[in-house]
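The values are calculated or read from the model by the stated rules, or taken from the named source; none is laboratory data. Fair warning: this is a prediction, and the values are worked out from it, not measured in the lab. Here the Cβ positions follow ideal geometry from the backbone for every residue, glycine too, while neighbour counts run over all protein chains shown. Side chains included, ligands, DNA and RNA excluded: accessible areas come from the protein's heavy atoms. Shrake-Rupley method; radii C 1.70, N 1.55, O 1.52, S 1.80 Å.
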Protein chains: 2
Amino acid sequence: MDIAILIYDGFTALDAVGPYEVLSCLPNAKVHFVSKEPGLKRTHTKALSLSADYTLTDLPNPDILVIPGGTRGTMAAAKDETILDWIKKAHATSKWTTSVCTGALILGAAGILRGLKATTHWCAKDYLSQFGAEYTNDRVVQQGKIITAAGVSSGIDMALHLAGEIAGKEMAQVIQLIIEYDPKPPFDSGSILKADESIIELAENAVKREFE
Amino acid sequence: MDIAILIYDGFTALDAVGPYEVLSCLPNAKVHFVSKEPGLKRTHTKALSLSADYTLTDLPNPDILVIPGGTRGTMAAAKDETILDWIKKAHATSKWTTSVCTGALILGAAGILRGLKATTHWCAKDYLSQFGAEYTNDRVVQQGKIITAAGVSSGIDMALHLAGEIAGKEMAQVIQLIIEYDPKPPFDSGSILKADESIIELAENAVKREFE
């Protein structure tokens with residue numbers, strides 16, 4: 001089972017690494033970090049680079065696509081015809097096509113969310129309608145073989161859900177225990193449905209700056 | 001505020017990237033990925049490399065140390081005198097010294113967990129006593145300025161806790177919302193206190209293989 005995780009300059013590391021850590025535990029899975037050109041891709045904070053060992057042309061037909069999000073770099077990727085063309089073709093034969101955070105905007109730009117429910121980072125929700133998708137405020141949204149996840153950290157939940165679909169509930173539980181995913185956030189402000197208005201405003205200001 | 005995240009061949013990506021994603025949102029924080037030699041460090045799965053932009057000697061006195069875990073590579077790092085010496089000296093002046101997963105064994109080998117309560121990946125809990133530390137089955141264990149976190153994904157909770165200590169509860173909540181950390185795992189098997197015996201046995205077999 002070939003898994004392709006797309007990276008590009010300006011992606012958000014946890015969007016990619018959350019699903020990677022889960023999916024790399026699947027039996028017979030081979031995870032490939034792919035990008036348009038091989039080499040180092042810098043994250044949106046610029047403090048870190050991940051290496052793409054493979055190019056898009058190395059993996060034309062992955063079984064699973066994972067498209068992470070980011071900020072400005074994601075907007076650029078969503079206009080990159082080489083990336084969009086690869087996604088369209090890979091999606092035609094994939095078993096699963098997934099996104100995390102604003103990675104949904106790249107799937108949307110590739111035209112594969114039209115008429116579907118989808119999710120993305122709460123701060124980017126208004127973009128989804130441009131691509132004919134309907135924003136749904138769930139952490140993980142599955143529509144057939146397409147699964148979109150909400151912001152950044154939600155890729156872990158998405159990948160565990162996907163692991164259950166692929167390898168069964170028992171294996172997914174084993175993976176959850178291997179990564180000791182028994183979350184205990186010290187606060188309860190991880191969703192706009194739960195955070196105080198003042199917290200939402202501060203977070204929105206911080207994130208929107210990153211898109212400008 | 002200088003944050004040093006140690007990486008080395010065989011580290012677990014999410015151990016490092018979880019705290020990175022949280023701590024890089026702190027005001028005036030500069031995250032540095034550091035290693036003994038600069039360059040690419042391969043994760044324990046071998047499917048991914050992260051780049052260390054800095055060496056240990058570039059960051060002798062970080063304000064915050066983050067030591068991620070892994071499997072075989074962590075055992076090697078815990079015997080590497082250059083790494084241990086850097087940790088000892090950095091810890092002498094740090095404001096916070098933290099570990100994720102088996103990163104605690106590196107802190108232990110550096111001699112800084114003696115007489116303290118600490119946590120690590122559940123599968124490595126028996127190692128802690130070798131370093132004079134007492135394993136505590138909590139997700140995040142704070143002892144003064146030393147904070148240890150449980151397995152892999154727990155670094156996110158640890159870093160949010162730390163963000164609250166450093167920048168206050170409001171800022172930590174803003175960061176939680178930025179990374180949309182409203183976890184909803186599809187199963188409830190992320191802790192040995194919750195998982196079925198059969199799941200624990202399968203996970204233990206899978207993880208222990210990685211240490212051999």
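Contact-buried residues of region A:147-162, at a threshold of 10 Å² lost accessible area versus the chain by itself: A:A150, A:G151, A:V152, A:S153, A:I156, A:D157, A:L160, A:H161 (1.4 Å probe; DNA, RNA and ligands ignored). Phi angles of region B:153-163 translate, via the Karplus equation with coefficients 6.51, -1.76, 1.60 and θ = phi - 60°, into HN-Hα couplings of 6, 5, x, 5, 5, 4, 5, 5, 4, 5, 4 Hz per residue; Gly and Pro are given as x.
When a 1.4 Å probe is rolled over the protein heavy atoms, the share of accessible surface on region B:63-193 that falls to carbon and sulfur comes to 50 percent.
If Lys and Arg each add +1 and Asp and Glu each add -1, what is the summed charge of the other residues whose beta carbon sits under 10 Å from the beta carbon of A:T82? It would help to have the intermediate numbers written out before the result.
Numbers: positive: A:K36; negative: A:E37, A:D80, A:E81, A:D85.
Surrounding charge for A:T82 is -3.
Considering only A:V140, B:I146, A:T43, and ranking their Cα positions along the charge dipole of the protein assembly as shown that arises from unit charges at the beta-carbon of Lys, Arg, Asp and Glu, the one farthest toward the positive end is A:T43.
Rg and Dmax of the protein assembly as shown, both derived from C-alpha coordinates alone, stand at 19.9, 60 Å. The convex hull defined by the C-alpha atoms of chain B has an orientation-averaged projected area of 11.1 nm². Shape call for region B:85-124 from the C-alpha gyration tensor, a ≥ b ≥ c root eigenvalues: rounded (a/c under 1.5), prolate (a/b greater than b/c) or oblate? In terms of gyration-tensor shape, prolate. Among B:D63, B:D196, B:D126, the largest mean-square fluctuation in a Gaussian network model of chain B, built with springs joining Cα atoms closer than 10 Å, belongs to B:D196. Note on region A:158-212: semi-axes of the ellipsoid equivalent to its C-alpha gyration tensor, largest first and rounded to whole Å, are 33, 14, 9.
Leaving ligands, DNA and RNA out of it, report the carbon-plus-sulfur percent of the accessible area of region A:5-56 at a 1.4 Å probe.
So the carbon and sulfur contribution to the accessible surface is 49 percent.
Compute the Cα gyration tensor for region A:112-153, then decide on rounded, prolate or oblate, letting a ≥ b ≥ c be the square roots of its eigenvalues: rounded whenever a/c is under 1.5, prolate when a/b is larger than b/c in the other cases, and oblate in all that remain. It is oblate, given that a/c is not under 1.5 and a/b is not larger than b/c.
Of all stretches in chain A that contain no trypsin sites (Lys or Arg not before Pro) in a DSSP loop with at most 11 other Cβ atoms within 10 Å, the longest one is A:115-212. Comment: the Cα-to-Cβ extended label point of B:E197, at 7 Å, lies 5.4 nm from its counterparts in the other copies, nearest first. Under a model in which nothing but the beta-carbon of Lys, Arg (+1) and Asp, Glu (-1) is charged, chain B shows a dipole of about 400 debye around its Cα centre. Computed over region A:1-106, the range of Cα coordinates on each principal axis works out to 33, 28, 23 Å, biggest value leading. Taking 0.36 nm per residue of separation and subtracting the Cα-Cα distance, full extension of the segment from B:S198 to B:A76 would add 40.9 nm. Only protein heavy atoms count here, probed at 1.4 Å, and on that basis chains A and B bury about 5500 Å² of accessible area in total. Heavy-atom accessible surface of region A:63-125, averaged per residue, reaches 31 Å², computed with a 1.4 Å probe.
Between this copy and the others, label points of A:N61 are 6.0 nm apart in ascending order, each placed 7 angstrom from Cα in the Cβ direction. Dimensions of region B:94-175 based on its C-alpha atoms, expressed as ranges along the principal axes with the largest first, amount to 39, 24, 16 Å.
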